[in-house]
Each structure stands twice: as structure tokens, then as C-alpha cells.
Amino acid sequence: MPAAPTAPPDPFYPLLGLSPDAAAFTVLRAAARAFHPTIRKDSGLRLARRRFYRQMLAAHAAAVSTFPGT
């Protein structure tokens, strides 16, 4: 049985400028700051922001797993 295809790396994650040893809360703070303040305040985009935060946490977890120091 062939292995499941892996998702391509998120193109936005490197723009956060985080090291692989950063805490998950640091990833969330950096991702939240990446949004313009009006986007952060728009309640209609809440689910999209949550999805983005989850994607950034998943990309960070992938970066940590490939980091040789872990």
C-alpha cells in the first residue's frame, strides 16, 4: 500500500521568522500579528483565522520534526 501523500509546506510559515525551538504560543502570537488589525477585528473571518492558526501550528510541528536538534 503506497504511503499517503504529504502536504506541501506552507509558503507563509517562513515569513513568520520563527526558529524551530519556538513554543506553540509564540507561533500563535506571530501568526496573529501577521494579520492587519482590521482583519483581526472582523468577526466574519474568525473561522478563517482559526484555520490559518492551525495551518501555522502544523507547519511549525513539521519544521520541528525535521530540525536535527530535536
Once fully extended, how much extra length lies between Gln55 and Thr26, figured as 0.36 nm per residue of separation less the alpha-carbon to alpha-carbon distance?
9.0 nm
If you take the charge dipole of segment 27-70 about its Cα centre, with +1 on Lys and Arg Cβ and -1 on Asp and Glu Cβ, which of Met56, His36, Thr66 is farthest toward its positive end?
His36
Could you work out the local net charge near Val64, counting Lys and Arg as +1, Asp and Glu as -1, over the other residues with Cβ closer than 15 Å to its Cβ?
-2
Mean shadow area (nm²) of the C-alpha convex hull around segment 27-70 is 3.1
Pairwise FRET efficiency - Thr66 versus Phe12, Cβ, R0 = 22 Å, nearest 0.05:
0.80
Residue-count net charge about Gln55 - beta-carbon cut-off 14 Å; Lys, Arg +1, Asp, Glu -1
+3
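Bear in mind these aren't lab numbers, they're just calculated from the coordinates by the rules spelled out. Every value quoted in this text rests on a predicted model; they were computed, and no experiment measured them. Cβ: placed from backbone, ideal geometry, glycine included. Neighbour counts: every protein chain shown.
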